[in-house]
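> Below is one structure. I have some questions about it.
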Amino acid sequence: MSDALRFDDEGQGEPLLLLHAFPFDRTFWSGVTPLFVKAGLRVIAPDLMGFGQSPGKGPWSIVDQAEAVSGLLQSLGIRKATVLGLSMGGYIALALINRHPEQVKALVLADTKATADSAQALQGRANAIKTVQEQGVGAFADGMVEKLLAPTASASVRALTRSLMNQPQPGVLAALAALRDRPDRSQELANIRVSTLVVVGEHDLIATPAEGQQMAAALPYGSFTKIAGAGHLTNLEAPDKFVSAVLDFLETSAR
């Protein structure tokens with residue numbers, strides 16, 4: 001099997017690269033991709049290494065994921081793209097623009113942060129790794145759904161979220177280690193020279209609105225949008241609001 005990332009490539013126009021959250025795959029974007037395509041964008045949505053149909057049992061790092069994404073853009077002949085990363089995808093987007101700023105036209109950081117894991121989060125990673133090793137991905141996913149979504153999320157959104165979390169165990173374990181070991185990139189924010197939108201759900205307890213505002217303030221060309229009624233997975237919980245926020249940002253940044 002080739003080591004190349006599996007991906008969807010839909011639409012025509014300015015390229016928009018979508019980097020999914022953990023523990024999901026490119027189908028994470030299925031609800032918003034048609035809206036972006038309808039707006040005249042070319043949407044590229046890969047399965048990140050170890051997820052969906054992409055190989056990558058690990059170990060690998062967030063930087064390794066960024067390099068794979070960079071290679072995908074090169075293979076498609078895309079010189080510059082707007083890069084949208086949500087949660088883990090945001091960590092990868094930050095690594096990508098640090099290493100390959102010439103490939104990024106604009107940046108959307110959704111429900112993510114620039115800081116490394118806190119001591120509490122590190123303990124959570126250790127507990128998650130143990131659960132996945134001993135009980136499987138299903139048990140881990142069952143305990144994670146409530147943390148990802150707003151209290152008001154519908155039963156259908158909860159069911160969809162849980163179904164999308166059925167990912168290969170080796171990839172989930174590799175990702176947990178990579179998330180645990182990622183560096184603090186807070187000091188790099190001042191070096192990002194492209195228009196950047198920070199999007200955070202109103203009820204996000206993982207990457208909070210306060211953290212998002214701080215990150216936006218540290219960016220030279222940063223702006224901030226809070227999605228009302230959503231938790232950590234803004235694209236799943238409030239797809240119309242999410243897409244509108246991104247499209248408004250792209251329209252403004254293009255001026």
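This table checks each residue for (1) touching a residue at least 24 places away in the same chain (Cβ under 8 Å); (2) touching a Phe, Trp or Tyr at 6+ places or on another chain (Cβ under 9 Å); (3) more than 18 Å from L84 (Cα to Cα); (4) not hydrophobic (A, V, I, L, M, F, W, C).
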| site | (1), (2), (3), (4) |
| --- | --- |
| A106 | yes, yes, no, no |
| K113 | yes, yes, no, yes |
| S154 | no, no, yes, yes |
| R180 | yes, no, yes, yes |
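> Oh, and also: Would you tally the residues in region 226-249 being hydrophobic (A, V, I, L, M, F, W, C), outside any helix (DSSP H, G or I) and in contact with a Gly (Cβ under 7 Å, 6 or more places away or on another chain)?
Of the residues in that region, 3 qualify.
> Moving to a separate point now. Of these, A210, A230, which one is farther than 30 Å from P55 by Cα and surrounded by fewer than 18 Cβ atoms within 10 Å (Cβ to Cβ)?
On inspection, the qualifying residue turns out to be A210.
> Moving on. Does region 116-131 contain at least one residue that is assigned to a strand (DSSP E or B), under 26 Å from P170 (Cβ atoms) and open to solvent by less than 50 Å² (accessible area, probe 1.4 Å)?
Looking through region 116-131, none of the residues is assigned to a strand (DSSP E or B), under 26 Å from P170 (Cβ atoms) and open to solvent by less than 50 Å² (accessible area, probe 1.4 Å).
> Within region 116-135, can you find the residues that are farther than 11 Å from L179 by Cα, touching a residue at least 24 places away in the same chain (Cβ under 8 Å) and in contact with a helix residue (DSSP H, G or I) (Cβ under 6 Å, 6 or more places away or on another chain)?
Answer for region 116-135, where residues must be farther than 11 Å from L179 by Cα, touching a residue at least 24 places away in the same chain (Cβ under 8 Å) and in contact with a helix residue (DSSP H, G or I) (Cβ under 6 Å, 6 or more places away or on another chain): A128, I129, V132.
> Of all residues being part of a helix (DSSP H, G or I) and of a type in the set (G, A, S) in region 71-104, which is nearest to N191 (Cα to Cα)? Just the residue, please.
Filtering region 71-104 for residues that are part of a helix (DSSP H, G or I) and of a type in the set (G, A, S), the one nearest to N191 (Cα to Cα) comes out as A95.
> Which condition does K57 not pass, out of (1) more than 19 Å from F249 (Cα to Cα); (2) of a type outside the set (A, V, I, L, M, F, W, C); (3) at pLDDT 95 or above, if it passes all the others?
The single condition K57 does not satisfy is (3).
> For residues in region 214-225 being within 19 Å of E251 (Cβ to Cβ) and not in a loop (DSSP other than H, G, I, E, B), which is least open to solvent (accessible area, probe 1.4 Å)?
A216
> Next question. Examine region 242-254 for a residue that is under 16 Å from the mean Cα position of the chain (by Cα), polar (S, T, N, Q) and surrounded by fewer than 19 Cβ atoms within 10 Å (Cβ to Cβ), and state whether such a residue exists.
no
> Tell me which residues, restricted to region 179-194, are open to solvent by 40 Å² or more (accessible area, probe 1.4 Å) and outside any helix (DSSP H, G or I).
Those that are open to solvent by 40 Å² or more (accessible area, probe 1.4 Å) and outside any helix (DSSP H, G or I): P183, D184, R193.
> While we're looking at this one, here's another question. Test each condition in (1) among the aliphatic types (A, V, I, L, M); (2) part of a helix (DSSP H, G or I); (3) open to solvent by 50 Å² or more (accessible area, probe 1.4 Å) for A66 and report the one that comes out false.
Failed condition: (3).
The values are calculated or read from the model by the stated rules, or taken from the named source; none is laboratory data. Just so you know, these numbers come straight off a predicted model, no measurement behind them. Note: ideal-geometry Cβ built from the backbone for every residue, glycine included; neighbour counts use all protein chains shown. In case anyone asks, the SASA skips ligands and DNA or RNA and just uses the protein heavy atoms, side chains included. Shrake-Rupley method; radii C 1.70, N 1.55, O 1.52, S 1.80 Å.
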